[in-house]
Amino acid sequence: TFMAADFDPNYASWTPGVIKRNAEARAKSKILSNMKMITLYIDDRPLERKESVDMVLTFRNLHNWLKAGLLMDVFKKSYDVLKPGGIFGVVEHRAFSDTSIEDMNKSGYVTEKLAIEYAERAGFVFVNSSEINSNSKDTKIYPRGVWTLPPTLRLGEEDRDKYIQIGESDRMTLKFIKAK
């Protein structure tokens, strides 16, 4: 069974609109229309039954959870639902190693060190990293942080071609397991 977690509708004023847009996109997809949807609540509710999931993957979410003070909570909830030996995969915009948390919150880039530390504090064991999502053209220093780059292009037409040439962000890809 493929499950996806959607936003808690109480997370922010913009989440109900995103939830609606996501549901409409899923309804139009042959693949995604059959998945089970769960909610990533910002309270004490678990993601799913304890030790009931084989794998948890997250793509470009750590910066949001870090800024909201929810990163450790999400990692712990992910750990709790995984079966022993289950995999936790993380893809995130990669910050320079000396980036402060304040700058991570502003830029949308997160250090590998911070991601690994939080995952290990939640109980995960780091297995390996991959460069499959790296982008050496990404300087990581932009007027509107990572959102300056595609797909967001927050500056609109200003230097659009330049940012399209850079492409999407440089990303870390990390693999962890829940020890047996």
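The values are calculated or read from the model by the stated rules, or taken from the named source; none is laboratory data. A quick note: this is a predicted structure, and the numbers were derived from the prediction, not measured. A quick note on method: Cβ atoms are made from the backbone with ideal geometry, for glycine too, and the neighbour counts reach across all protein chains shown. Each accessible area value is taken on the protein alone, full model and side chains, heavy atoms only, with ligands, DNA and RNA left out. Shrake-Rupley method; radii C 1.70, N 1.55, O 1.52, S 1.80 Å.
Measure nothing but the geometry: give the 0 to 90° angle between the long axis through the Cα atoms of 15-27 and the longest principal axis through the Cα atoms of the chain, rounded to 10°.
80
When the label point is put 7 Å from the Cα of residue 15 along its Cα-to-beta-carbon vector, which residues of the range 46-69 have a backbone N closer than 20 Å?
46-49, 57-69
Rounded, prolate or oblate for the chain? Axes are the square roots of the Cα gyration tensor eigenvalues, ordered a ≥ b ≥ c, and the cut-off for rounded is a/c under 1.5.
Details: a/c = 1.73, a/b = 1.26, b/c = 1.37.
It is oblate, given that a/c is not under 1.5 and a/b is not larger than b/c.
Using a cut-off of 14 Å between beta-carbons, work out the net charge of the residues near residue 51 (Lys and Arg +1, Asp and Glu -1, residue 51 not included).
With Lys, Arg at +1 and Asp, Glu at -1, the neighbours total +4.
How would you rank 124-136, 12-24, highest first, on the average number of other Cβ atoms within 10 Å across their residues?
Working: 124-136: 13.7, 12-24: 11.8.
Descending mean neighbour count gives 124-136, 12-24.
So if I take the centroid of the Cα atoms in the range 112-180 and the same for the range 1-77, what is the distance between those two points in Å?
19
Taking 0.36 nm per intervening residue step and subtracting the Cα-Cα distance, what contour gain separates residue 55 from residue 117 on full extension?
20.4 nm
Before anything else, pin down the relative contact order of the chain: Cα pairs under 8 Å, at least 6 apart, normalised by residue count, whole percent. It would help to have the intermediate numbers written out before the result.
Values: 299 pairs, mean separation 38.2, N = 180.
Result for the chain is 21 percent.
How far is it, in nm, from the label point at residue 180 to the one at residue 97 when both lie 7 Å from their Cα along the line to the Cβ?
So the two model labels end up 3.3 nm from each other.
Tell me, what is the per residue accessible area of the range 53-172 in Å², probe radius 1.4 Å?
Value returned for the range 53-172: 52 Å² of accessible area per residue.
Would you mind computing, in nm to one decimal, how far apart the modelled labels at residue 27 and residue 131 are, each placed 7 Å from Cα along Cα→Cβ?
4.5
Quick one: work out the % antiparallel among DSSP beta bridges in the range 22-180, nearest 5.
The answer is about 65 percent antiparallel.
Rank-order 150-161, 104-115, 52-63 by packing density, defined as the average count of other C-beta atoms within 10 Å over each peptide's residues, highest first.
104-115, 52-63, 150-161
Report ³J(HN,Hα) in whole Hz for each residue of the range 88-103, in order, from the Karplus equation J = 6.51 cos²θ - 1.76 cosθ + 1.60 where θ = phi - 60°; Gly and Pro get x.
10, x, 10, 10, 8, 4, 8, 7, 4, 4, 9, 6, 6, 4, 4, 6
Divide by every residue of the chain the summed helix terms, -39500 (n - 2.57) for each DSSP H run of at least 4, and state the resulting mean residue ellipticity at 222 nm, rounded to the nearest 500 deg cm²/dmol. Intermediate values should be presented prior to the final figure.
Details: 6 runs with 56 residues, N = 180.
One gets -9000 deg cm²/dmol as the mean residue ellipticity at 222 nm.
For the chain, find the longest principal axis of its Cα atoms and tell me its angle to the long axis of helix 112-122, 0 to 90°, nearest 10.
It is inclined by approximately 20 degrees.
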